[in-house]
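Each remark here refers to the structure printed beneath this line.
Values quoted throughout were computed directly from the atomic coordinates according to the rules given, and no laboratory measurement underlies them. For clarity, every value in this text was computed on a predicted model and none was experimentally measured. Counting neighbours? That spans all protein chains shown, and the Cβs are built from the backbone with ideal geometry, glycine included.
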């Protein structure tokens, strides 16, 4: 497994775990009240995500320092571009769906959480696709 | 996945070049070992630059290393 593929796995697992933890604590009603604990929770989840990803990358870099130092080659760049393109469509559709909830009476807090969810799903799709392309060869 | 219309002789040429490993070839060309493997297996078509670099490593013209499927059908 290449360094970039291991990196994709770290991103996929960390964002999946942290976002499941966060979104389970979001009150999914259309008009949730302002809640500083939610904002604090988001902050700590982002912090946890950064720590997990940094530690994970340090570990895989120590395991294969030569691979870690090698810059991305053309195939890896193309895989990233293909995966990002697909994720973009997920972001756009998800964000539009989130915004459309305003017509159902959703408040800004619900919409923000829904847009964040769209972003997270897009990221999961991106890293899952990267892994798929790495496994398949291209 | 559709088979790419370009075949190559990289595996044979590596063997003939003192059993060069994929890693060694990758380092000489400036790509990863996984990319060399993907090229050999016909899963990935390299750019023109990388194709020329590979041919240069083996000291052979490009057409001796890579062949377009249409050429194979004529023979």
Starting from the eigenvalues of the Cα gyration tensor, five times each then square-rooted, give me the equivalent ellipsoid semi-axes of chain B, largest first, whole Å.
19, 14, 11
Neighbour counts of other C-beta atoms within 10 Å: give me A:62, B:54 arranged from fewest to most.
A:62, B:54
Can you give me the Cα centroid spacing of region B:24-62 and region A:46-69 in angstrom?
28 Å
As a test of the formula, what do you get for chain A when each DSSP H run with n ≥ 4 contributes -39,500 (n - 2.57) and the sum is divided by the residue count, at 222 nm and rounded to the nearest 500 deg cm²/dmol?
-28000 deg cm²/dmol
Which of rounded, prolate, oblate describes region A:14-54, given a ≥ b ≥ c as roots of the alpha-carbon gyration tensor eigenvalues and a/c under 1.5 marking rounded, otherwise prolate only if a/b is larger than b/c?
oblate
Ordered by fewest other Cβ atoms within 10 Å, a rough proxy for footprinting exposure, A:29, B:35 read A:29, B:35
For B:14, A:130, B:53, which order do you get if you count the other beta carbons within 10 Å of each Cβ and list the fewest first?
B:53, B:14, A:130
With the 8 Å Cα cutoff and a minimum separation of six or more residues, chain A has a relative contact order in percent of 40 percent
Take every residue in peptide A:71-78, count the Cβ atoms of other chains within 10 Å of its Cβ, and give the average of those counts.
5
Build a GNM of chain A with springs between Cα atoms under 10 Å: which of A:103, A:57, A:127 gets the top mean-square fluctuation?
A:103
Would you mind estimating how fast the protein assembly as shown diffuses translationally, via Stokes-Einstein at 25 °C and 0.890 mPa s with the Kirkwood radius over Cα pairs, in µm²/s?
121 µm²/s
Region A:19-134: Kirkwood hydrodynamic radius (Cα pairs, Å) comes out at 16.4 Å
Extension gain (nm, one decimal) between residue A:44 and residue A:1, 0.36 nm per residue minus Cα-Cα
12.4 nm
